[in-house]
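The values are calculated or read from the model by the stated rules, or taken from the named source; none is laboratory data. No experiment lies behind these values; they were computed from the predicted model shown. FYI the Cβ positions are ideal-geometry reconstructions off the backbone, even for glycines, and counts take in every protein chain you see. Side chains are part of the model used for accessible areas, which takes the heavy atoms of the whole protein and leaves out ligands, DNA and RNA. Shrake-Rupley method; radii C 1.70, N 1.55, O 1.52, S 1.80 Å.
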Amino acid sequence: GARISTADAPCLDAAHALFAGGGFAGAEAAQIHRALLKTKRELYDPNVAKRIEAGEGFFSGADYVQLGLDRRAVIGEAAELLSQYDAMLLPTTPSVAPTIEEVSASGDEYARWNLRMLRNPGLINMIDGCAVSLPCHSPGEEAPIGLMVAGVGGSDRRVLAVARAIEESLAARAE
């Protein structure tokens with residue numbers, strides 16, 4: 001049997017706050033792609049190029065170092081909170097994926113949907129966690145959804161064991 005409980009997790013709110021200003025990805029992508037964007041921008045998807053360019057100038061070196069220190073603190077808080085649980089369960093994405101038409105409506109819509117779809121997986125990455133996404137929709141349903149089974153860094157075996165048990169339970173239910 002399984003026991004499911006809920007808990008307040010301010011450390012997860014703090015982890016989300018670390019994405020402000022583009023987080024690590026914005027600054028790192030801007031640095032990595034800077035030269036190529038200057039000479040071969042036409043090879044990039046326009047929406048991706050815009051997101052990468054947004055990472056320019058958000059942080060000073062000191063801000064980037066502080067972001068790393070803040071992340072380290074959040075990782076410790078999340079590890080302490082989650083140590084009493086076998087896994088954390090959450091939707092892989094906060095909503096069903098949009099249609100291509102919805103995402104293509106404008107650059108702003110692309111950015112909005114992109115950030116929305118990355119929210120939960122990004123949270124697990126920010127706390128240095130690991131996760132498995134299990135399809136949990138009924139066969140034949142049009143819009144698939146996923147159940148994310150997640151844990152802190154180093155809990156891979158436990159997360160995989162929990163995911164396997166859930167997967168077996170979902171398969172038995174579908175039969």
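Key figures
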read-out: Matching residues in the range 1-15 - criterion: being assigned to a helix (DSSP H, G or I) and open to solvent by less than 60 Å² (accessible area, probe 1.4 Å); value: CYS11, LEU12, ALA14, ALA15
read-out: Yes/no for SER169 being farther than 19 Å from ALA14 by Cα, open to solvent by 50 Å² or more (accessible area, probe 1.4 Å) and in contact with a Gly (Cβ under 7 Å, 6 or more places away or on another chain); value: no
read-out: Positions within the range 20-55 being in contact (Cβ under 8 Å) with a residue 24 or more places away in the chain, surrounded by fewer than 18 Cβ atoms within 10 Å (Cβ to Cβ) and closer than 30 Å to ALA87 by Cβ, in sequence order; value: PHE24, ALA25, GLU28
read-out: Scan of the range 94-113 for residues that are at pLDDT 90 or above, open to solvent by less than 40 Å² (accessible area, probe 1.4 Å) and within 15 Å of ASN47 (Cα to Cα), ordered by number; value: VAL103, TRP113
read-out: Residue satisfying condition, being in contact with a helix residue (DSSP H, G or I) (Cβ under 6 Å, 6 or more places away or on another chain) and either more than 30 Å from VAL149 (Cα to Cα) or of a type in the set (Val, Ile, Thr) (or both), within set ILE52, ILE75, ILE32; value: ILE52
read-out: Restricting the range 122-146 to residues that are within 21 Å of LEU12 (Cβ to Cβ) and open to solvent by 40 Å² or more (accessible area, probe 1.4 Å), the residue that is modelled with the lowest pLDDT; value: ILE145
read-out: Among the residues listed as LEU90, LEU81, LEU69, LEU12, the single one being closer than 15 Å to ILE124 by Cβ and more than 17 Å from the chain's Cα centre (by Cα); value: LEU81
